[in-house]
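Novice: Attaching a single structure in structure tokens format; questions to follow.
Bear in mind these aren't lab numbers, they're just calculated from the coordinates by the rules spelled out. Since the structure is predicted, the reported quantities are computational estimates derived from the model, not experimental observations. Don't worry about glycine lacking a Cβ; one is built from the backbone with ideal geometry, like all the others, and counts go over all protein chains shown.
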Amino acid sequence: MFKKYSIYIISFFLTFSSYASIQISQDEFFYKEQDKEILFNIKNKNEQNTYIVHSWVSHYKKENSAEAPFIISPSLIKLAPNEKFTLKIIKMDDIKEINQESVYRVNIK
């Protein structure tokens, strides 16, 4: 009986383990009007594989389908093993929500 339950418990913990090779320094950001750009780092922690990373900015709430007023430069990069790269978030359009806080998300694929 104990052996049966111990197998279920062990398999439960093994199904939820994960490992991420790509690490970003922040996934949320605060934009101040006087800033021209926001910098953040992205790193390939894998020691063997090279990855191509696509990144973009979207609204935090998924039901808001409007395009975010920010872009990431460069939006497509190639990361070699153990390589670190700095990306820029640049404001392209005026922010429509004045006198209120807006939250945006950095997406990595």
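Novice: Using R₀ = 35 Å, calculate the FRET efficiency as 1/(1 + (r/R₀)^6) where r is the Cβ-Cβ separation of Lys62 and Asn82; round to 0.05. Please report the intermediate quantities before stating the final value.
Specialist: Working: r = 33 Å, r/R0 = 0.96.
Rounded to the nearest 0.05, the efficiency is 0.55.
Novice: According to the Cα gyration tensor, what semi-axes, each the square root of 5 times an eigenvalue, does the equivalent ellipsoid of the range 21-108 have, listed from largest to smallest in whole Å?
Specialist: Values: eigenvalues 145, 34, 22 Å².
Over the Cα atoms of the range 21-108, the ellipsoid semi-axes are 27, 13, 10 Å.
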